Amino acid sequence: MFSLAGTKVLVVGVANDSSIAYGCAKAFRAQGADLAITYLNEKAEPHVRPLAEELGAEIVLPLDVMKPGQLEAVFAEIAERWGRIDTLLHSIAFAPRDDLHGRVVDCSAEGFALAMDVSVHSFLRMIRLAEPMMPDGGTCMAVSFFGSSRVVKNYNMMGPVKAALESAVRYAAAELGPKGISVHALSPGPLKTRAASGIGHFDQLLDAAAEKAPMHTLVSIEDVGAVAAFLASREARNLTGGVHDIDSGYSIIA
């Protein structure tokens, strides 16, 4: 079996114990990785810090990618404490509520630009900062969704945003492959997370997904974490640029 013992992993996007990022952090730690975990702000810290401490995270820092300098500060701390990073997990996304709940063709330029900045460009910024800290190669992962390639009712403007994220993954994988750095998109089926609760009629989407999937089950954050941990391992070093469906077969059904 693969091991992540001694590897240094940054996890961005833990909000609570139902977060996809938390499921991934648990899996990384279970395989022996050392963790750095971020929380959004002072309001989020009481929910995230206990989880980070439970996992023995060596570095716990605030990170709001919309605040100038915070992302650079996180990587500067990692560089000082660890000197390198082996795996990066980006599990953050945002869209203004009015834009998210309206038609795609009606979304504002400002809302669309903000969603792209937080959900896509911040991943590219993280990769750029991680690259010089991965001299022997590494792994960068972001979290996507089936709505990137198919129209999912009420997913709205996040569909085009996630499509852009997946395209960015492919281009980054091609550019960084010669350095031994792999880039992946994790694409879980519908999950009960706080972030997903902002999507209209999400409970109906969950029920429909369980009915449609060949295995008639919803995946868990632990299922996503298991795939993420494998992709972070040396055994997965020749995999890159893919969108990895973790959805009980949901995405194969028309």
Could you please tell me which pairs satisfy a Cβ distance under 6 Å, a separation of 6+ or placement on different chains, a first residue in segment 123-143 that is without any contact (Cβ under 8 Å) to a residue 60 or more places away in the chain, and a second residue that is among the β-branched types (Val, Ile, Thr) and assigned to a loop (DSSP other than H, G, I, E, B)?
-> 133/85
Taking segment 118-147 and keeping only residues that are exposed (fewer than 15 other Cβ atoms within 10 Å of the Cβ) and charged (D, E, K, R), one is left with 128, 136
Just for segment 231-241: of the residues that are more than 15 Å from the chain's Cα centre (by Cα) and in a helix (DSSP H, G or I), which one is nearest to residue 20 (Cα to Cα)?
-> 236
Counting only residues that are of a type in the set (Lys, Arg) and over 24 Å from residue 234 (Cβ atoms), segment 1-49 contains a total of 2
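This table checks each residue for (1) closer than 30 Å to residue 1 by Cβ; (2) among the hydroxyl-bearing types (Ser, Thr, Tyr); (3) surrounded by fewer than 13 Cβ atoms within 10 Å (Cβ to Cβ); (4) in contact with a Pro (Cβ under 9 Å, 6 or more places away or on another chain).
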{"residue": "34", "(1), (2), (3), (4)": "yes, no, no, no"}
{"residue": "42", "(1), (2), (3), (4)": "no, no, yes, yes"}
{"residue": "56", "(1), (2), (3), (4)": "yes, no, yes, no"}
{"residue": "60", "(1), (2), (3), (4)": "yes, no, no, no"}
{"residue": "70", "(1), (2), (3), (4)": "no, no, no, yes"}
{"residue": "74", "(1), (2), (3), (4)": "no, no, no, yes"}
{"residue": "81", "(1), (2), (3), (4)": "yes, no, yes, no"}
{"residue": "98", "(1), (2), (3), (4)": "no, no, yes, no"}
{"residue": "105", "(1), (2), (3), (4)": "no, no, yes, no"}
Subset of segment 6-60 [over 19 Å from residue 90 (Cβ atoms), in contact with a strand residue (DSSP E or B) (Cβ under 9 Å, 6 or more places away or on another chain) and outside any helix (DSSP H, G or I)] = 6, 42, 56, 58
Among all residue pairs at least 6 apart or on different chains, which show Cβ distances below 9 Å where the first residue, located in segment 91-109, is within 28 Å of residue 228 (Cα to Cα) and in contact (Cβ under 8 Å) with a residue 12 or more places away in the chain and the second is among the basic types (Lys, Arg) and in a helix (DSSP H, G or I)?
-> 93/162
Out of all the residues in segment 83-96, which are surrounded by 14 or more Cβ atoms within 10 Å (Cβ to Cβ), touching a strand residue (DSSP E or B) at 6+ places or on another chain (Cβ under 9 Å) and part of a loop (DSSP other than H, G, I, E, B)?
-> 84, 85, 86, 91, 92, 93
Collect the residues in segment 35-53 that are touching a helix residue (DSSP H, G or I) at 6+ places or on another chain (Cβ under 9 Å) and not polar (S, T, N, Q), keeping them in residue-number order.
-> 35, 36, 37, 39, 40, 48, 51, 52
Residues satisfying the stated conditions in segment 1-32, i.e. surrounded by fewer than 20 Cβ atoms within 10 Å (Cβ to Cβ), under 17 Å from the mean Cα position of the chain (by Cα) and of a type outside the set (Ser, Thr, Tyr) | 16, 17
Which condition number in (1) assigned to a helix (DSSP H, G or I); (2) within 21 Å of the chain's Cα centre (by Cα); (3) acidic (Asp, Glu) is the one that residue 80 fails?
-> (2)
Does residue 40 satisfy being within 17 Å of the chain's Cα centre (by Cα) and without any contact (Cβ under 8 Å) to a residue 60 or more places away in the chain?
-> yes
Hey, could you check segment 148-171 for residues that are within 17 Å of the chain's Cα centre (by Cα) and buried (at least 23 other Cβ atoms within 10 Å of the Cβ) and say which is nearest to residue 206 (Cα to Cα)?
-> 158
Take the residues of segment 199-241 that are without any contact (Cβ under 8 Å) to a residue 60 or more places away in the chain and in contact with a His (Cβ under 9 Å, 6 or more places away or on another chain): which is surrounded by the fewest Cβ atoms within 10 Å (Cβ to Cβ)?
-> 239
Please go through segment 46-82 and pick out each residue that is over 20 Å from residue 23 (Cβ atoms) and among the aliphatic types (A, V, I, L, M).
-> 61, 65, 66, 71, 73, 74, 76, 78, 79
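All of the numbers you see were taken from the coordinates with simple rules; none came from a lab. Quick caveat, the model's predicted, so the values are computed rather than measured. All Cβ positions, even for glycine, are placed from backbone atoms using ideal geometry, and neighbour counts span all protein chains on display.
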